[in-house]
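Here's the structure, in C-alpha cells; my notes come after.
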Amino acid sequence: MRNLERHDFWPGFVVALIGIILAFCGARNLTGIETVDGGNAWETQLIRAFAFDGLQFASKLEPPPPPPGDDPEAFERWARQNQNAEPPTWKVRVDTAAKAACPT
C-alpha cells in the first residue's frame, strides 16, 4: 500500500508571512534625504517625489555684497574671501505633497 501525500499548511504560511514582512520593511527604509516638513524621507516618498516633480535642489548661495563705501582694503578683503569660497554642497529635499506630473 502506498503512503498518502500530506500537504502541510503551516510551513508555507510561515514562509509567506516572513516574505510579506521583509517586503514591507524593505520598502519602508529611511533615506538620508530631508523632507520639506523635516525629518528623513522613506524610500517610497522619495520615489513618489521623483515621479511627481517633488525634488527640491538647493540653489547656489549668493556671494555677499561688496562692502559699502570706497575703502580699498575692505574691497580687497571681500574679493579674496569670494575667491577662496568653496561652492555649496548639493542638498536635495523631498516635497511629499507634490502633485505635478514628472516632465519626462
Inset, instruction - Could you please give the count of residues in region 29-46 that are without any contact (Cβ under 8 Å) to a residue 12 or more places away in the chain and under 9 Å from the mean Cα position of the chain (by Cα)? - result: 2
Inset, instruction - With the condition kept exactly as written, say whether any residue in region 76-87 is modelled with pLDDT under 80, touching an Asp or Glu at 6+ places or on another chain (Cβ under 8 Å) and among the small types (Gly, Ala, Ser). - result: no
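Would you tally the residues in region 1-26 being of a type in the set (Gly, Ala, Ser) and modelled with pLDDT under 80?
1
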Inset, instruction - Count, please, the residues in region 1-55 that happen to be in a helix (DSSP H, G or I), over 30 Å from Asp95 (Cα atoms) and polar (S, T, N, Q). - result: 0
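The values are calculated or read from the model by the stated rules, or taken from the named source; none is laboratory data. Computed from a prediction, not measured in an experiment: that's the story for all the values here. Glycine also receives a Cβ, built like all others from the backbone with ideal geometry; neighbour counts cover every protein chain displayed.
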